[in-house]
Amino acid sequence: MVSNVARAMGRRLELDAVRGLMLVWIALTHLPTAASTYVNQPFGFVSAAEGFIFLSALFTGRIYFRMAEHDGYRAMTLKLWTRTLRLYGYHAFLLALIFLVAVPIASRGNRPGVHNLLDFYFMTGAKQSIAEAALLIYRPPLLDILPMYIIFLVFTSAALLLARRIGWKPILWTAFAVWGFAQFGFRGAEHKFMMRFIPTRIPLNEMGSFDLWAWQFLWIMGVWLGVRWGQDNLPIETWAKRAVIPAVLIGSVLFELRRAISHGLQLGASEFLFDKWHLGPLRLLDFAAVATLLIFSQSVLKPLAIRPLVMMGQSSLQVFCVHLLFCFAGLTLMGNAPMLSGWRQFALLSTTFTAMLVTARLFSKSEAKHERQPKTGIPSESGTPTGVPDRVCTDRGSDARFGASPTK
């Protein structure tokens, strides 16, 4: 079950498995079956989206930092942009299927579930919708995570280069400040400002549910931790041991609060603190608490490293795209009903997970094959490589050190 590549690179297969589990969780949440009622945030104010984005950023930081160390920054940038373009191709393929297949079905008027996802298309017409979807401006429901992922990947190589020059501390503080502004309506203000200069009139709610100004902080944190992991400078188990008691208290309180809300408790004016789309403060705190508890109890994660979940985690983007196809198929089969029932929901679930596993088998290890072993000398906290000359960490002769000065 553990490949030679994984052993050589020190890859944590339980993390691949957790990412695979996130995909299963996302699919169960998105598919219109009775299962979605039970898997929607059952552990408090934490959803699979946070875990999926964070783990993707973690692996991105680790893999591409090590690639830059071995092959140079130009080679790393080329690989990262190639991956971004490939992911954009997946997104374009999904959009083509939606516009060519789902739109005619929705236009008949007897599939409200599909029609509601394409309101903007029917309101503005094909020309504007297709053009703005291609530019990642129009992001229909269910198709809004991929554009966010693509946009974050576009800026990741710039963040890695900037970190090489100025260190991670200014980047992390800037990302945190932007997340803070997002909690006070920055996205809406930015949308109103940009609409004065851009010849489009797309409503804010048609630009995806996720507030990118808020979610970028989770991505940047993941990339930074991935870089430190790539440097063999990530004492995360030590951090988890120190924070385990506060994590238990925070996780328990917010778990009970989530249960109370499901039984009718109203948050009122404090609801923004738990908002998923803007990644509210207490939601982010809950994610950190749950992550701390999982790291502290790693023995629980190791049995999860079964081959199906590991393969799905190693081909997460392709598997995610495939599950979206079945989500739209489920909405089509649903008709006027609120969700599928009876044998149809079991048929949809079994078919979806079979397709996800087949896809995982075809594409697994596509990410792992790009990993590099860490160099002998890894930059220290001060940015100075330990035990090797400065040239080891340079970018093809440049004396600027990559990933220097990570912050505590």
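The values are calculated or read from the model by the stated rules, or taken from the named source; none is laboratory data. Quantities reported herein were computed from a predicted structural model and do not represent experimental measurements. We place every Cβ from the backbone using ideal geometry, glycine too, and count neighbours over all the protein chains shown. Surface areas here come from the heavy atoms of the whole protein model, side chains and all, with no ligands, DNA or RNA. Shrake-Rupley method; radii C 1.70, N 1.55, O 1.52, S 1.80 Å.
Given a 1.4 Å probe and the protein chains as shown, MET22 ends up with an accessible area of around 30 Å². At q = 0.13, 0.24 Å⁻¹ the log10 of I(q)/I(0) for the stretch 76-147 amounts to -0.40, -1.08, computed by Debye summation with a single uniform scatterer per C-alpha, solvent ignored.
When only the Cβ of Lys, Arg, Asp and Glu is charged (+1, +1, -1, -1), the dipole of the stretch 166-289 relative to its Cα centre reaches about 140 debye. Accessible-area rank, largest first, for VAL178, VAL310, VAL248: VAL248, VAL178, VAL310, with all protein chains present and a 1.4 angstrom probe. Only one item in (i) 21.7, 73; (ii) 21.8, 69; (iii) 23.4, 77 matches Rg and Dmax of the Cα atoms in Å derived from the coordinates shown, and that item is (ii). Calculated mean residue ellipticity, 222 nm, the chain: -21000 deg cm²/dmol, from DSSP H runs (n ≥ 4) at -39500 (n - 2.57) each, averaged per residue and rounded to 500.
So, with +1 on the Cβ of K and R and -1 on the Cβ of D and E, and no other charges, what is the size of the charge dipole of the chain about its Cα centre, to the nearest 20 debye? Don't jump to the answer; show the numbers that get you there.
Working: 40 positive and 23 negative charges, 152 e Å.
With Lys and Arg at +1 and Asp and Glu at -1, about 740 debye.
Its relative contact order, with pairs defined as Cα atoms under 8 Å and 6+ residues apart, puts the chain at 33 percent. The mean sequence distance of close C-alpha pairs (under 8 Å, at least 6 residues apart), as a share of the length of the stretch 175-327, puts its relative contact order at 25 percent.
For the stretch 57-103, what is the accessible area per residue in Å², given a 1.4 Å probe and the full set of protein chains?
Numbers: 1820 Å² over 47 residues.
Averaged over the residues of the stretch 57-103, the accessible area is 39 Å².
Between PHE184 and SER107, the distance separating the two model label sites (each 7 Å from Cα on the Cα→Cβ line) works out to 4.7 nm. Against the chain, whose longest principal axis is taken from its Cα atoms, helix 145-166 shows a tilt of about 20°. Extending 7 Å from the Cα toward the beta-carbon at both LEU267 and ILE198 defines two label points whose distance is 2.7 nm. Spatially, the stretch 153-210 and the stretch 60-107 are offset by 20 Å when compared through their Cα centroids. Using the 1.4 Å probe convention, the accessible area of the stretch 147-219 works out to 50 Å² per residue with neighbouring protein chains retained. Do the alpha carbons of any pairs in LYS241/LYS302; LYS169/LYS241; LYS79/LYS192 sit beyond 30 Å of each other, and which pairs? Over 30 Å apart, Cα to Cα: LYS79/LYS192. Once the Cα atoms are used to define both axes, helix 186-195 deviates from the longest principal axis of the chain by about 70 degrees.
For the stretch 182-322, which whole percent of the accessible surface, found with a 1.4 angstrom probe, sits on carbon and sulfur atoms?
Numbers: 4850 of 7100 Å².
Of the solvent-accessible surface of the stretch 182-322, carbon and sulfur hold 68 percent.
So how tilted is helix 169-182 from the main axis of the chain? Cα-based, degrees 0 to 90, rounded to 10. So the helix axis and the longest Cα principal axis differ by about 20 degrees. Among the protein heavy atoms of the stretch 66-121, carbon and sulfur supply 64% of the accessible surface, probe 1.4 Å, non-protein parts ignored.
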